[in-house]
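This report concerns only the one structure given below.
FYI, it's all coordinate maths here, none of it is from the lab. Because the structure is predicted, anything quoted here is derived from the model rather than measured. Please note: Cβ atoms are built from the backbone with ideal geometry, for glycine as well, and neighbour counts cover all protein chains shown.
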Amino acid sequence: MNDQQLLDLVKQMTREEKIAQLLQLTGAFYEGFHDKELLTGPRAELGVSEETVNASGSALNLSGAKTAIQVQETYLKKNRLGIPLLIMADVVHGYKTIFPIPLAIGCSWDLPLAEQSAEIAARESAVSGIHVTFSPMVDLVRDPRWGRVMESTGEDPFLNSLYARAFVRGYQGQDLKGDKERLAACVKHFAAYGAPEGGREYNTVDMSERNLRESYLPGYKAAVEEGATMVMASFNTVDGIPASGNEKLMRGILRGEWGFDGVIISDWASIREMIAHGASEDDREAALRAIRAGIDIEMMTPCYVHHLDDLVNEGEIEENQIDEAVLRILQLKEKLGLFEQPHRAADPERENEVILSADHRKAAYELAVKSSVLLKNDGTLPLRAHSKVALVGPYAETNSILGWWSCEGNPQDATPLAPALRERMQEGKLSVASCGIETITGGELADMLEATESADVLVVALGEAAEMSGEGAARTNIQLPKAQLELVRRLKATGKPLAAVLFNGRPLDLAGLFEEADAVLEAWFPGTEGGAAIADLLLGRVNPSGRLSMSFPQSVGQVPVYYNHYSTGRPLKAGSDERYVSKYIDSPNEPLLPFGFGLSYTSFEYGELLVSSDRMTKEEPLTVQVTVTNTGQRAGIETVQLYVRDLSGEVVRPVRELKAFTRLSLQPGESGTAVFTLHEEQLRYHHSDLSFTSDPGAFRLYAGPNSRDTQEVAFQLIT
Ligand code: NOJ
């Protein structure tokens, strides 16, 4: 259908039908998901009629080809104009083949693989009846207390934007109509949901517009530029106004400045939540604020269905505000090809073919390998072939390694670490004993200590439970559970080399582990193929290459701690013990592990950092290059990172900003050269009047293996 035909369709709809089109409900409201008699409960609870449900425009949390087909069929029988139901779900890091959590993917710095993970997630979900995913989540994060950092790719606006684009491309492909095994992508949570005060879930976000534009908006903007078809409004306030009623954000920035013409959806109940925020007196006012702001779909509350009609009758809004929202939703349905094929790609046979296919598992394995970050190693890793190994701890044998937001992922499809290691080791070389996450019984401890007795080297698999991160899981203490730290103490007392593997959803405060362990491998929640990937990494069959995309603090007291901070007027100089400088008296300023950090089993040596000139102009970019040699015994990947600092901005600039990176894959003895071109555009930033320009003057360039250990060169920008 072309736009004119869609407009004609809108004209044929009654006002009630149009308003119902703006409502999104969970699968539990629809026949085919539940039997008819089970539907009255949810309807009564929400206060919506059967007619409204039958005309509602979209559903969430409904999947499985058979169910989706049944729901669509019964729905269409009752829908007067035959407008198909749009089906959405949180496919965040895989559908059934589960990839590492997004924060882990962020540490891969491997954009093609990130894109492939989204493509696979789309294929599995599309054949299971889903049309839209509530992903990518591109909220910039600086506070590991917030449980949802696991859903983000990290603390850097540039890197996050690259991932945002890769995920959108992977989900959507080139043509959602022609390629039915793709999903429309809904980027979220617009805006700045990643900066809740104190890291507490759903909390206030308050920042300058400049900071918002500089650090927090680029990820969403990149996703929109890449063609994301939907945007989700966030739960939080932005400058005192809840996003769900924030006209400046939705109509001003998103639609006006960025030209976004897709569908905007609220978050779950976030329109009604404007009452609790103190921004609306009742559902009616909440509906008014939301529709004025430009929210097209209301998720899981009935403010629109109960009040938009009156709001038009009372002259508070124009009917065409509703029509516009409806048209956009119908355009999305058309874009997905739903009018011709209401079941789209839903197909039980295809489900059997593609879900958890060997190819999908292989990609999940590769991404789990690339996402793991070696945080410390004195040579204990990789494990030697002849060594006797004891594998102990809460994550030794469990298959609960998928992490939060794992959609339809089933832990039973994941292999735990112990069997994966056993399969790869000689018989009799591995002893295993495990325990609980927060409590360790006397029996469990005794078994674990016994397992260590005949071992040459100990591997302790530690971490947070999956539900300790994700939505609704903010923590003020981000250490490992006490019982696990006690276990580390007991293992350390054996005097045997100790390697730790961490399964977690946020950068942790590693006090009580980092010093004690001889090696630490950050596995995050590695997904379906995590066991195999971590086993291969521990045994050195593959070489770790992940780099942190979020800093690890020394302690929670430092939070927020991130690499691209400002300098202050009294920065702390290395080695100085001066009192009146910006510092803590009981902690270093620097994080334990900085952004970009990660080790390898091989070693890399950097040559001199070479720059084509010490002057840059608008017409003459700089060429920056550095040669890196693999000086170790194994093949490895080195991620060379390029940072800049503007030494004198109209507005102060971060001490470092990532501008480019490249991954060099080098054989032992091999050298490779990272070559970057740095243009004047890359030095532009938001000034105090929000103009986006560069400042002439002194700059510094840094290149190296992470944001801390760099070589530097000075240059001048001449404009
Ligand atoms: C609330 C979450 O904030 C959002 O990310 C998610 O997509 C919706 N619930 C739907 O499940």
Task: Pairs of alpha carbons in the chain whose separation is greater than 45 Å (percent) - done: 25 percent
Task: region 379-439-region 272-307 distance, computed between alpha-carbon centres (Å) - done: 48 Å
Open item on the list: So for the chain, averaging the separation of alpha carbon pairs under 8 Å that are six or more residues apart and normalising by length, what relative contact order in percent results?
Closed with: 13 percent
Task: Long-range amide H partners of Asp239 with built H, under 5 Å - done: Met207
Task: Interchain or long-range residues, amide H under 5 Å from Ser603's placed H - done: Thr631, Gly632, Gln633, Arg634
Task: Inter-part distance where region 659-719 and region 593-648 are each reduced to a Cα centre, Å - done: 9 Å
TODO: Excluding residues on the same chain fewer than 8 positions from Lys96, give the aspartates and glutamates whose Cα lies under 12 Å from its Cα.
DONE: Glu124, Glu351, Glu408, Asp413, Glu529
- [ ] Step through the residues of region 349-362 one at a time and calculate ³J(HN,Hα) from phi using the Karplus curve (6.51 cos²θ - 1.76 cosθ + 1.60, θ = phi - 60°), rounding each to whole Hz and writing x for Gly and Pro.
- [x] 5, 4, 4, 4, 6, 9, 5, 6, 5, 4, 5, 5, 5, 4
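Where does the chain land at 222 nm, in deg cm²/dmol rounded to the nearest 500, when only DSSP H runs of n ≥ 4 count, each adding -39500 (n - 2.57), divided by all residues?
Details: 19 runs with 197 residues, N = 719.
Helix-only estimate at 222 nm: -8000 deg cm²/dmol.
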Task: Rounded tilt (10° steps) of 482-492 against the dominant C-alpha axis of the chain - done: 20 degrees
- [ ] Could you run the Karplus curve 6.51 cos²θ - 1.76 cosθ + 1.60 with θ = phi - 60° over region 688-697 and give me ³J(HN,Hα) per residue in whole Hz, x for Gly and Pro?
- [x] 5, 8, 6, 5, 10, 9, 9, 10, x, x
Open item on the list: Under 4 °C and 1.567 mPa s, how fast does region 602-717 diffuse according to Stokes-Einstein, given a Kirkwood radius computed over C-alpha pairs? Answer in µm²/s, whole number.
Closed with: 87 µm²/s
TODO: Count neighbours as other Cβ atoms within 10 Å of each site's Cβ, and list the trypsin sites (Lys or Arg not before Pro) in region 671-719 that are DSSP loop with at most 11 such neighbours.
DONE: none
TODO: Using DSSP, restrict attention to beta bridges with both residues in the chain and report what percent are antiparallel, rounded to the nearest 5.
DONE: 50 percent
Open item on the list: As I understand it, the value is the acute angle between the Cα axis of helix 3-12 and the longest principal axis of the Cα atoms of the chain; what does it come to in degrees, rounded to 10?
Closed with: 50 degrees
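Can you list the GluC sites (Glu not before Pro) in region 617-651 that are in a DSSP coil and have 14 or fewer other beta carbons within 10 angstrom?
Working: sites: Glu619, Glu638, Glu650; in loops: Glu619, Glu650.
Passing sites in region 617-651 are Glu619, Glu650.
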- [ ] Taking H placed 1.01 Å from N in the peptide plane, check which residues at least 5 places from Gly546 or on another chain put their amide H under 5 Å from its amide H.
- [x] Ser372, Leu374
- [ ] Could you tell me how many degrees, from 0 to 90 and to the nearest 10, lie between the Cα long axis of helix 65-78 and the main elongation axis, the longest principal axis, of the Cα atoms of the chain?
- [x] 20 degrees
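If the only charges are +1 at each Lys and Arg Cβ and -1 at each Asp and Glu Cβ, what is the size of the charge dipole of the chain around the Cα centre, to the nearest 20 debye? Could the numbers behind the result be given before it?
Working: 69 positive and 102 negative charges, 305 e Å.
Magnitude of the dipole: close to 1460 debye.
How would you rank 283-290, 6-13, 245-252, highest first, on the average number of other Cβ atoms within 10 Å across their residues? Intermediate results must be reported in sequence, preceding the final value.
Numbers: 283-290: 23.6, 6-13: 15.0, 245-252: 20.9.
Order by mean packing, descending: 283-290, 245-252, 6-13.
Among the trypsin sites (Lys or Arg not before Pro) within region 479-577, which fall in a DSSP loop and have no more than 13 other Cβ atoms within 10 Å of their own Cβ? It would help to have the intermediate numbers written out before the result.
On the way: sites: Lys482, Arg489, Arg490, Lys492, Arg541, Arg547, Lys573; in loops: Arg541, Arg547, Lys573.
Those that pass, being in a loop and sparsely packed, are Arg541, Lys573.
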Task: Candidate lysines for bridging to Lys11, where Cα separation is under 26 Å - those fewer than 8 sequence places away on the same chain excluded - done: Lys77, Lys78, Lys177, Lys333, Lys335
Open item on the list: Can you give me the C-alpha center-to-center distance between region 463-502 and region 4-33, rounded to a whole angstrom?
Closed with: 49 Å
Open item on the list: Give me Rg/Rg_expected for region 357-556, where Rg uses Cα atoms only and Rg_expected = 2.2 N^0.38 Å with N residues.
Closed with: 0.94
